[in-house]
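Student: One structure coming up, written as C-alpha cells, with questions to follow.
Taken together, the values in this text are just the output of simple stated rules run on the coordinates, not laboratory data. Note that the coordinates shown come from a computational prediction; the quantities given were computed from them, not determined experimentally. FYI the Cβ positions are ideal-geometry reconstructions off the backbone, even for glycines, and counts take in every protein chain you see.
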Amino acid sequence: MTQKVLLNSKEVNIILHRLACQLIEKHLDFKDTILIGIQPRGTFLANRLKELLEKEYNTPEIQLGYLDITFFRDDFRRTEKPLEANKTNINFIVENKKVIFIDDVLYTGRSIRAALTAIQSFGRPSGIELLTLIDRRFSRDLPIQPDYRGRQVDAINDEKVKVSWKENDGEDTVYLVTN
C-alpha cells in the first residue's frame with residue numbers, strides 16, 4: 001500500500017477559507033441556511049467550517065446538524081458485516097430552509113442520494129446544496145455534483161482518497177492511497 005499526499009495542512013487550511021468565503025458570498029448572514037454534516041466523516045469538515053464562519057468571518061449563530069444515512073443507503077443490506085449507525089443530531093426544523101450538505105469526499109454519489117432521502121424526515125427544505133472537500137469526478141454512479149468543492153481529484157477505481165482531520169487523526173492531510 002502506498003500513500004501520496006494530495007493536500008498538506010496548509011493547503012487544506014487555504015481551501016477551508018475559500019469554501020467559507022464562497023458560502024458567505026451566497027448565503028450572507030445564514031439566517032435561512034443550515035449546515036448538515038453527513039456522518040461520519042463530513043462532521044469534521046462541517047464543524048471546521050462553522051468555526052471558521054463564526055470566529056474568523058463574524059457570521060453569528062450558524063445552525064449545524066449531523067445526519068446519519070446508514071439505513072437510507074441502497075447498499076444497506078448488501079454487506080456481509082453489520083453496519084454501525086452513527087447519531088443523527090438535528091435539533092431544528094429544516095422546513096423552508098436552505099440546507100447545505102457537507103461531506104469530505106464525493107465518490108459515487110450514493111451517500112448524497114441517501115442524505116436526500118434521510119433529510120425529508122425533518123421537513124421540506126427550500127433548497128439543498130452540496131459542499132465537499134474532495135470531488136472524485138470520474139467515479140460517479142449517479143448524476144450528483146457539488147455546488148462547492150475544495151479540490152477535484154482524478155482517482156481510478158483501485159485508488160482511495162483518505163482525508164485525515166487533526167481532531168480525529170492528528171493531522172489535516174488528504175492522501176491518495178493505492179493498494
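Student: Hey, can you rank 95-101, 3-9 by average C-beta count inside 10 Å, highest first?
Tutor: 95-101, 3-9
Student: What is the spin-label model distance, in nm, from LYS31 to ASN89 if the labels are put 7 Å beyond Cα along the C-beta direction?
Tutor: 2.8 nm
Student: While we're here: Could you work out the per residue convex hull volume over the alpha carbons of the range 115-168, in cubic angstrom?
Tutor: Dividing the Cα hull volume of the range 115-168 by its residue count gives 137 Å³.
Student: Work out the FRET efficiency for CYS21 and ASN168 from their Cβ-Cβ distance, taking R0 = 22 Å, and round it to the nearest 0.05.
Tutor: 0.35
Student: What is the gain in length, in nm to one decimal, between PHE138 and GLN152 on full extension, counting 0.36 nm per residue of separation less the C-alpha to C-alpha distance?
Tutor: 4.1 nm
Student: Another question about this same structure. Using only the alpha-carbon atoms, what does the chain span along each of its principal axes? Please give whole angstrom values in decreasing order.
Tutor: 46, 40, 28
Student: For the pair THR108/ILE14, report the inter-label distance in nm, with labels modelled 7 Å from Cα in the Cβ direction.
Tutor: Each label point lies 7 Å from its Cα, and together they span 3.4 nm.
Student: If you plug each phi of the range 125-141 into the Karplus form 6.51 cos²θ - 1.76 cosθ + 1.60 with θ = phi - 60°, what whole-Hz ³J(HN,Hα) values come out, in order, with x for Gly and Pro?
Tutor: x, 6, x, 10, 10, 10, 10, 10, 6, 10, 10, 7, 6, 9, 10, 6, 9
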